[in-house]
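The values are calculated or read from the model by the stated rules, or taken from the named source; none is laboratory data. Please read these numbers as outputs of a predicted model, since none were measured by experiment. We place every Cβ from the backbone using ideal geometry, glycine too, and count neighbours over all the protein chains shown. Keep in mind that these areas ignore ligands, DNA and RNA; they rest on the heavy atoms of the full protein, side chains included. Shrake-Rupley method; radii C 1.70, N 1.55, O 1.52, S 1.80 Å.
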Amino acid sequence: MGGVNAAGRTSGHQAFRRTVLDALSAEEQQRTVVGLAAMMHLVARQEDGSWQDSHGNRLDTAGVADRFRQTVLDHTLIRRIEDEAFNAEGIPANRRAQLALDTPLTFQMRRRQLPEVLPETWQVRDLDSRRVEVSVPPGALEVLLPDHRQAQVRAAGQLPSGFAPERLYRSVHHPRGLSMAVFGASDCLGQSGLDWEALRDRLDPDQIAVYAGNSIGQLDDEGWGGLLKSFISGNRATSKQMPLGYGQMPADFLNAYVLGSVGATGAIQGACATFLYNLRQGIEEIRRGVRRVVMVGTSDAPITPEIIEGFRSMGALADDDSLKALDALSLLTDADYQRACRPFARNCGFTIAESAQFVLLMDDVLALETGAQILGAIPGVFVNADGWKRSISAPGIGNYITFGKAASLGREILGERGLRERTFVHAHATSTPKNRVTESHVLDSVARANGIHDWPVAAVKAFVGHSQGSSAGDQLASALGSFAHGYIPGIPTLDAVADDVHGERLRLPRESLAFRADAAFLNAKGFGGNNATGLLLSPDATERLLVQRHGQAAVAAWRERAAAVQARGDAYLARADAADFEVIYRFGEGVLEGPELTVEADGIHIPGYARPVSLAVDNPFGRLDD
């Protein structure tokens, strides 16, 4: 796994550790704070193992943790948006106005700034080769006046302050979401400890796939956002904005610049369930035997004025006025913004966030043969729509089906007692009044149907916000952290469970909960009726299943091979904790256009790939003789 969100880096469970920080040992707390301080460029690692701050002062590890702990806490997770446009400076805007001119207006300007179609009443006189004088007669003149609009939403789950993924490789006008995708996939490969080239050489290139995207596309200025407002803003559209704005571009970037994959590719969009939709695609293809390795992920960077205004106008976001009303405040402080997301409590809307999350899936035989680190297993993801709806954005009935199926699969694998006593839920938990009612009813209904009492429920959005299509990826990464560290993150913003929450069978803890689980349920409820629920098994449960399927000897041999892979992964994590990231971006390397290939009836040989692409296909339709 790899990626980044408002809590930090995904690999090594850094982001997870940030969400359960107070429950960890002093050593783990120190490791987490120091790693984040390095990531945020508060300190830099020196050759002798010491640290140096921006003023040149030398510090040991304990000194870094003591000095920068509060800074790290204040500038990670949900917080006041740090872009000044959302605060005192205001968001740049234009206001349409009509000027009534009592006398002629004369002004000078550059010739190239003249409108292509001059108003009929304008009189233009050349001053020189570059400048002109314009005279406008008395009367009405329509203009756009530069303006700044005060932001009505000022809280978001932003990447840790100072961390800029686009600075870690040769990015040229890349939208933020794509830079985050490049970092996330590189982090995933680094943490895996696997040699990607060696792994690729073991396989038919078509046995590898990438399913990655996002729910919105790239809508910042470097993508479709800049393209769509180029005319009205007076800026020129670039050749990159159109192609880089597509929602499947994270997969395209990984194929072209990170993995060099020629296998299957694509992106399935499902609003807030996008990560699980792509995960399901990868799982199904591995189960059918058509792929052996699949990288799955999403990367969303929706903290832009336009996207925020779109959600705010729907009444979906926790804006400043709603937060004030919720707590009867006249002024919001930084601490109030940090509490903006309140799943299952009295709340007023979700908090938008940015995140990139990637996982590497592999079939069990290949995982054992390569000694891959096994962080868990995903036996199934279930997707169902809502049927007839009044509002396209309102929740519906599909989530009862997806969660019911996932619980049924959990019972089949773990047994009734295992389902009841050793599972927990990662709820979608958006912090909207509708979600707290509808999702809690889904969870409570499934719990009742399966005889579950006191079912632990996590709501990671309370820490990192709602990253749209990446939100289930945040949940998956957090669940893997719970398996590794034995804690379920609490819901610290849950002062009291709201009266309309169906929580009789649910456990909604405020503090981190010590809990050893065999499985977690990942739930997503997306606009439009895009419901998905996935079952995630712990490493221990996965290993027990592997012993049943392949035998103790095969698993013992895997452990021996895994030691070297684990060591390489640990070496990467040590470097990453010092912000020595190994971002992979291979622009223009190994480019092939067709004539270099050897095309045969049963396969295609590609230079640089150890094995040919098999052209054998499954034909279930029968054969017509010549």
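Numbers for the structure displayed
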| quantity | calculated |
| --- | --- |
| Any hit, region 609-619, residues being within 30 Å of GLU166 (Cα to Cα) and open to solvent by less than 50 Å² (accessible area, probe 1.4 Å) | yes |
| Residues within region 55-79 that are of a type in the set (S, T, N, Q) and open to solvent by less than 10 Å² (accessible area, probe 1.4 Å), tallied | 1 |
| Every residue from region 277-312 that is in contact with a helix residue (DSSP H, G or I) (Cβ under 7 Å, 6 or more places away or on another chain) and either within 30 Å of ASP495 (Cβ to Cβ) or open to solvent by 40 Å² or more (accessible area, probe 1.4 Å) (or both) | ARG292, ASP300, PRO302, GLU306 |
| Selected residue [free of Cβ contacts under 8 Å to residues at least 60 places away in the same chain, open to solvent by less than 10 Å² (accessible area, probe 1.4 Å) and of a type outside the set (A, V, I, L, M, F, W, C)] from GLY223, GLY193, GLY177 | GLY223 |
| Residue pairs meeting the criteria (Cβ under 9 Å; at least 6 apart or on separate chains; first over 17 Å from ASN347 (Cβ atoms), in region 499-514; second of a type in the set (Asp, Glu) and open to solvent by less than 30 Å² (accessible area, probe 1.4 Å)) | GLU504/ASP444; ARG505/ASP444 |
| Number of positions in region 469-515 that are crowded, with 21+ Cβ neighbours inside 10 Å and either acidic (Asp, Glu) or touching a His at 6+ places or on another chain (Cβ under 6 Å) (or both) | 4 |
| Check on GLY387, under 19 Å from ASN523 (Cα atoms), surrounded by fewer than 19 Cβ atoms within 10 Å (Cβ to Cβ) and not charged (D, E, K, R) | yes |
| Qualifying positions in region 105-115 - out of contact with any strand residue (DSSP E or B) (no Cβ under 6 Å at 6 or more places or on another chain) and not in a strand (DSSP E or B) | ARG112, GLN113, LEU114, PRO115 |
| The lone exception for ILE397 - which of (1) among the β-branched types (Val, Ile, Thr); (2) open to solvent by 30 Å² or more (accessible area, probe 1.4 Å); (3) touching a strand residue (DSSP E or B) at 6+ places or on another chain (Cβ under 7 Å) it fails | (3) |
| Candidates PHE483, PHE424, PHE463, filtered to the one that is of a type in the set (Phe, Trp, Tyr) and within 30 Å of ILE81 (Cα to Cα) | PHE463 |
| Hits in region 203-215 - residues which are open to solvent by 10 Å² or more (accessible area, probe 1.4 Å), part of a loop (DSSP other than H, G, I, E, B) and either free of Cβ contacts under 8 Å to residues at least 40 places away in the same chain or in contact with a helix residue (DSSP H, G or I) (Cβ under 6 Å, 6 or more places away or on another chain) (or both) | SER215 |
| Test for ARG623: is it touching a residue at least 24 places away in the same chain (Cβ under 8 Å) and open to solvent by 70 Å² or more (accessible area, probe 1.4 Å) | no |
| Residue match in region 45-54 (condition: under 30 Å from CYS348 (Cβ atoms), of a type outside the set (S, T, N, Q), open to solvent by 40 Å² or more (accessible area, probe 1.4 Å) and in contact (Cβ under 8 Å) with a residue 60 or more places away in the chain) | no |
| Selected residue (only one of ALA576, ALA562, ALA541, ALA520 is crowded, with 19+ Cβ neighbours inside 10 Å, assigned to a strand (DSSP E or B) and among the small types (Gly, Ala, Ser)) | ALA520 |
| Selected residue [touching a Phe, Trp or Tyr at 6+ places or on another chain (Cβ under 8 Å) and under 30 Å from ARG18 (Cα atoms)] from LEU36, LEU59, LEU73 | LEU59 |
| Tally, over region 486-508, of residues that are part of a loop (DSSP other than H, G, I, E, B) and more than 25 Å from the chain's Cα centre (by Cα) | 11 |
| Selection status of GLY315, within 16 Å of PHE463 (Cα to Cα) and either of a type outside the set (S, T, N, Q) or surrounded by fewer than 24 Cβ atoms within 10 Å (Cβ to Cβ) (or both) | no |
| Odd one out for THR402, checked against (1) touching a residue at least 12 places away in the same chain (Cβ under 8 Å); (2) of a type in the set (Val, Ile, Thr); (3) open to solvent by 10 Å² or more (accessible area, probe 1.4 Å) | (3) |
| Answer from ASP580, ASP518 - the residue that is within 30 Å of VAL365 (Cα to Cα) and under 30 Å from the mean Cα position of the chain (by Cα) | ASP518 |
| Selected residue (only one of ALA601, ALA553 is surrounded by fewer than 12 Cβ atoms within 10 Å (Cβ to Cβ) and not in a loop (DSSP other than H, G, I, E, B)) | ALA553 |
| Per-region count, region 116-139, residues in a strand (DSSP E or B) and either among the charged types (D, E, K, R) or open to solvent by 80 Å² or more (accessible area, probe 1.4 Å) (or both) | 5 |
| Identity of the residue in region 245-276, farther than 19 Å from PHE587 by Cα and of a type in the set (A, V, I, L, M), that ends up surrounded by the fewest Cβ atoms within 10 Å (Cβ to Cβ) | ALA264 |
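This table checks each residue for (1) open to solvent by 10 Å² or more (accessible area, probe 1.4 Å); (2) touching a residue at least 60 places away in the same chain (Cβ under 8 Å); (3) on the phi > 0 side of the Ramachandran plot; (4) not in a helix (DSSP H, G or I).
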position: PHE358; (1), (2), (3), (4): no, yes, no, yes
position: ILE374; (1), (2), (3), (4): yes, yes, no, yes
position: LEU409; (1), (2), (3), (4): yes, yes, no, no
position: GLY415; (1), (2), (3), (4): yes, no, yes, no
position: VAL425; (1), (2), (3), (4): no, yes, no, yes
